[in-house]
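Student: My questions will all concern the structure given below.
Coordinate-derived values only; no laboratory data. The model shown is predicted, which means the values in this text are computed figures rather than measured ones. We place every Cβ from the backbone using ideal geometry, glycine too, and count neighbours over all the protein chains shown.
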Amino acid sequence: MSTYLTKRLLYMLVILFAASLLIFCLYALTPGDFITGNIKLTAERKAELREIYGLNKPVLERYGLWMKDAFHGNFGYSLAQQKPVLQLFSDYIWNSFLLAAVSTFLTWVIAVIVGVISAYKQYSWFDTLVMVAIFAAMSLPSFFIGLFLIKILAVDLKWLPPGGMITTGSNATGLAYLKEVVRHMTLPVVVMVLLGLGSLTRYFRSNMIDVLQQDYIRTARAKGLKERKVLFTHALRNALLPAITLVGFELPALFGGSLIIEQIFNWPGIGQLYMKSFGLRDYPLLMGFTMFIAILTVIGTLLSDILYRVADPRVRL
Amino acid sequence: MRKSTILLSSLLLVGSLLLTACSNNSNTNNAAATDNSATVTAAADGATGSAASSSPAPVPAGALSEPYTATDLSKLPAVAQNRTDTIIVGLTDPSGAFTPYFQESGYDGNVSSLLYASLVTVDEKGVPAPELAESWDVSEDQLTYTFHLHKDLKFSDGSPLTADDVAFTWTIQYDKAYDGGSSLPTLNVKGGQAYKEGKATTIEGIKVIDPQTISVTLEKPNATALVVLGSNVLSKAYYGKDYKFGQLEYIKKLHEKPLGDGPYKLEKFIPGQEVRLVANENYFKGKPKTEHFIYKTSEGDVWQFLETGEVDYASFSATDENIEKLKALGYVNILPYTPSTYGYMQVNLKHEQLKDKLVRQALMYGLDRQSIYVDATQGAGAIANIPASPISWAYTEEGINPYKYDPEKAKQLLDEAGWAVGANGIREKDGKPFSIHYLGSKSKNTDIFIAVAKENFAALGIDFQPEVFADFNSLVSKVEGGDYDLVSFSTSMLTDPADGFMQFFDGEITDYENPKFLELYNKALATSDIEERKAVYKELYQLFNDELPILFTSYKKTVYAYNGRIQNLSVSPFIGLAGSLPEWTLK
């Protein structure tokens, strides 16, 4: 196990190094840089600014400088936002995380429950109904359903706020603040759950159907075990195993923010910020954020491998 | 194996983001123009959609030519009704860099314009007017400007504002580490270059005469200097206490803790959500009438916030549809607005075919600009023919060719220029077919342009090759590479009429060489007398209108809709709402 871990960690470092180089080059080679977009500047001023920001250096040298700073824990200043990149992360990522964590949790819980029931009652009216509903939800464009819900629930009925995270100008603290945030996040969470539910439910349903046909389930039933026990202890546990792989993928998604949802619901998350900084070629922020997601991706896969081992003793690492 | 797939997929993700990324910084200022001919005042009875569609006659552009007053304030949502000392305005994306001269985003500029007052402001025509400086003198040779400050000016913390602060503000913009976008360094203050190169410890041209008086000497006369020099003032005690030549990093730490002298001061900045301001009791014109002011970050559509009463003020494109919808709300006042910008197509003068003035004129006649910019945008636009906005003091229509859509005239000009219709219907000259490679930013208006222009150009016998960019930086770098014939741009806000010619001096357009243009341009800057300048600009506009070194396209039209309870509101095309905000009250 420990040799495995050392090997994996080494691989991770190599992968991250390669990824950072590739990402850096991709960003640097995209046409236009941070200065280009400002068409008000004279050519001389543009050259001066490129000198100040070091944008006139060769790409590899810039990469080296960035790497050196990164090793010292310095991810630089965002050019457009004029703030340290790490401060921007802490300003925005937690808002994205809140939204993602709650909706992911709800998506998984609902998907497991619905998936198990519809697998158990395969081809029943419940199963058919659920599948139709799920396909319908999956095929809705997020901006459409988002705007539609805002129009109905916020503008017309005024039950929920139309966007943002808190009521503008509110000084609420403690429980009142919590209530405010919950009210504001209801709509975006509903949309995210609706969109994410489909694939996951189908995934659990098919896993469960597979497992229910296994010999050991028949054995369990033949032993005279209660159906509930067969279903939740024997079948569900095995059906959930492949889902561990998904957990690894969820990790970066939890922090990555959702561009469209954040935009529609005016949510102060990192997804919006990232998109904007791409348009502006705000290299330090782009690089910092993409590397952050890359690191989470690598950690996520390692985590899911280890979890797999913990959950299933048959797996050897 | 799986690791590499994951890595690959994350890289693919990055790649696809690169492709789909769209930019917000394309210069799509919500520009507008007053339509001089539109005299039809909209029926003031809260006209409904059906009323509009039943009128068969085309509603003239900008059906709203006068402010419209709310009809039924009782419809105001309760949220807005309950606010008694707070006004909320939407703002796309303030980033938190609230120090003037050091901010990258214009939205931060909106915030800092409320936090900092200027020495000299401009009135609704763009004419300089006193603010922190009660008066100024310009020397006979137009080189030395002397500002006389009001007595007892204070920053919001109560500390005094004196000529030393002004000198400090000007000086740091000449620091070699200064990376902001201020145009002050281009004024060539005497001794500025020496300071920048570290050869001098102070700037020779800047002289503090007494705590209320400061003078500055330029190397070359420049009529824009008054407003550029007379901008915001930074406190030397606050922003300058850690200043050493060549080191400005420390200022970044102060961006979120601004110390100004404007009508409001910062109470709290919540990134991505709100900028909360509170009235400044030390403001030199007296404390503003409304205690709290909030800029709410609201990306994209603001309808939902206006409809639910979460914002009090929002701007919209002046389409008939928007105006009808706003009127139907009943509780908003609507203000037609004319931004100080103009739209144009940059012409690649390196390309042989476009060097010919006749060809450029033919393109102007041959494009149905009325359909593209006015009719298709439901009146949210007007046609531009000179490099100035109709609200500028220099604007004129005298001796200006309106280039009314006239395909026959265009064909005739092309024939004259030697472009004859070839075998396949495409014009040719010296065996080369006439083809136009057009670049535009992705937007609805560009789609309209391409659809109409394709037909227009086909009728003229010109092969039209449009290319659309979702990303503004990519577009600009394509332009810099020279691979284009026409590219659409809009100017940023023009304060001085000279700004309307900026693109000929900032390196963007390098191939227009006309001694007459340079002579007139410099002549207009050599004096600060407005009437004299007006006459020179008239000549310049006539020259440009005939020469067409750029093809003029359109002005945009905007309306502001605001909560009917707000009194004393006006919006200046040059300084936005900052000018009237201290007077705003809630009825």
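Student: Using the Cα centre of the protein assembly as shown as the reference point, and only Cβ charges (+1 on K/R, -1 on D/E), how large is the resulting charge dipole? Debye, rounded to the nearest 20.
Tutor: Working: 81 positive and 93 negative charges, 968 e Å.
The calculation lands at about 4640 debye.
Student: What nm value, rounded to one decimal, do you get for the distance between A:E61 and B:D546 when each label is placed 7 Å out toward the C-beta?
Tutor: 5.1
Student: For every helix of n ≥ 4 consecutive DSSP H residues, a contribution of -39,500 (n - 2.57) applies; sum these over chain B, divide by its total residues, and give [θ] at 222 nm rounded to the nearest 500 deg cm²/dmol.
Tutor: -7500 deg cm²/dmol
Student: Taking the Cα centroid of segment B:145-211 and of segment B:235-289, what is the distance between the two, rounded to the nearest whole Å?
Tutor: A separation of 18 Å, based on Cα centres.
Student: With +1 on each Lys and Arg Cβ and -1 on each Asp and Glu Cβ, how big is the dipole of segment A:91-267 about its Cα centre, in debye rounded to the nearest 20? Write out the running numbers ahead of the final one.
Tutor: Working: 14 positive and 9 negative charges, 159 e Å.
My answer is approximately 760 debye.
Student: Let me ask you something else. Once you keep just the Cα pairs under 8 angstrom separated by 6 or more residues, what percentage relative contact order results for segment B:509-587? Walk me through the intermediate numbers first.
Tutor: Values: 44 pairs, mean separation 15.0, N = 79.
Once normalised by length, the contact order is 19 percent.
Student: Need one word for chain A: rounded, prolate or oblate. Basis is the Cα gyration tensor (sqrt eigenvalues a ≥ b ≥ c); a/c below 1.5 gives rounded, then a/b vs b/c decides.
Tutor: It comes out oblate by the Cα gyration axes.
Student: Just need the relative contact order of chain A here, percent rounded to a whole number, with Cα pairs under 8 Å and 6+ apart. Before the final figure, lay out the partial values.
Tutor: Working: 312 pairs, mean separation 87.4, N = 317.
Relative contact order here is 28 percent.
Student: Enumerate the amide H contacts of B:L161 below 5 Å, restricted to partners 5 or more residues apart or on another chain; note that Pro and chain-start residues carry no placed amide H.
Tutor: B:L153, B:K154, B:F155
Student: Is segment A:191-277 rounded, prolate or oblate when judged by the Cα gyration tensor, a ≥ b ≥ c being the square roots of its eigenvalues, rounded requiring a/c under 1.5 and prolate requiring a/b larger than b/c? Please list the in-between numbers first.
Tutor: Working: a/c = 4.35, a/b = 3.43, b/c = 1.27.
Cα axes put segment A:191-277 in the prolate bin.
Student: Can you pull the mean other chain C-beta count within 10 Å for peptide A:273-280?
Tutor: On the way: counts 4, 2, 7, 10, 1, 9, 11, 7.
That average works out to 6.
Student: For segment B:495-544, state which GluC sites (Glu not before Pro) are in a DSSP loop and have at most 14 other beta carbons lying within 10 Å of their beta carbon.
Tutor: On the way: sites: B:E508, B:E513, B:E519, B:E531, B:E532, B:E539; in loops: B:E508, B:E513.
Sparse-neighbourhood loop GluC sites (Glu not before Pro): B:E513.
Student: Any idea what % of Cα-Cα pairs in the protein assembly as shown are farther than 43 Å? Don't skip to the end; give the middle numbers.
Tutor: Numbers: 166598 of 408156 pairs.
Counting every Cα pair in the protein assembly as shown, those more than 43 Å apart make up 41 percent.
Student: Here's something else I'd like to know. For B:S298, what residues show an amide H to amide H distance below 5 Å, using hydrogens built from the backbone and excluding near sequence neighbours?
Tutor: B:L91, B:T92
Student: Further question: How high is the relative contact order of chain B, in percent, counting Cα pairs under 8 Å that sit 6 or more residues apart? Kindly include the intermediate steps, with their values, before the conclusion.
Tutor: Numbers: 1159 pairs, mean separation 127.3, N = 587.
Reported as a whole number, the value is 22 percent.
Student: Simple spin-label model, 7 Å along Cα-to-Cβ: A:Y216 to B:E408 in nm?
Tutor: With each label point 7 Å from Cα toward Cβ, the separation is 9.0 nm.
Student: Once phi is turned into ³J(HN,Hα) by the Karplus curve 6.51 cos²θ - 1.76 cosθ + 1.60 with θ = phi - 60°, what whole-Hz value does each residue of segment A:208-223 show in order, with x for glycine and proline?
Tutor: In residue order, the calculated couplings are 5, 4, 4, 5, 4, 8, 6, 4, 5, 6, 4, 4, 4, 5, 4, 5 Hz.
Student: Shielding of B:497-506 by partners, i.e. mean partner chain Cβ atoms within 10 Å per residue? Spell out each step's value before the answer.
Tutor: Numbers: counts 0, 0, 1, 0, 0, 3, 2, 0, 2, 9.
Shielding by partners across B:497-506 averages 2.
Student: Label segment A:91-267 by shape, choosing from rounded, prolate and oblate, from the square roots a ≥ b ≥ c of the eigenvalues of the Cα gyration tensor; if a/c is under 1.5 it is rounded, and otherwise prolate applies when a/b is larger than b/c, oblate when it is not.
Tutor: Numbers: a/c = 2.58, a/b = 2.10, b/c = 1.23.
Prolate shape, in that a/c is at least 1.5 and a/b is the bigger ratio.
Student: Residue-wise, which Karplus ³J(HN,Hα) couplings in Hz belong to segment A:96-109, taking 6.51 cos²θ - 1.76 cosθ + 1.60, θ = phi - 60°, and x for glycine or proline?
Tutor: Computed from phi, the couplings for segment A:96-109 are 5, 4, 4, 5, 5, 5, 5, 6, 5, 4, 4, 4, 5, 4 Hz.
Student: Right, something else. Can you list the HN-Hα couplings for segment A:78-88, worked out from phi with the Karplus curve (6.51, -1.76, 1.60; θ = phi - 60°), rounded to whole Hz and with x for Gly and Pro?
Tutor: Using θ = phi - 60°, the values come out as 5, 5, 7, 8, 6, 9, x, 4, 5, 5, 4 Hz.
Student: Rounding to the nearest 20 debye, state how big the charge dipole of chain B is about its Cα centre with +1 on each Lys and Arg Cβ and -1 on each Asp and Glu Cβ.
Tutor: Details: 52 positive and 75 negative charges, 243 e Å.
About 1160 debye.
Student: Can you list the residues, at least 5 places off or on another chain, whose amide H is less than 5 Å from the amide H of B:E66, using H built in the peptide plane?
Tutor: B:A42
Student: Which whole number gives the average count of other chain Cβ atoms within 10 Å of the Cβ atoms across peptide B:234-247? Each step should come with its number before you reach the end.
Tutor: Working: counts 0, 0, 0, 0, 0, 0, 0, 0, 0, 0, 0, 0, 0, 0.
Counting other chains' Cβ atoms within 10 Å and averaging over B:234-247 gives 0.
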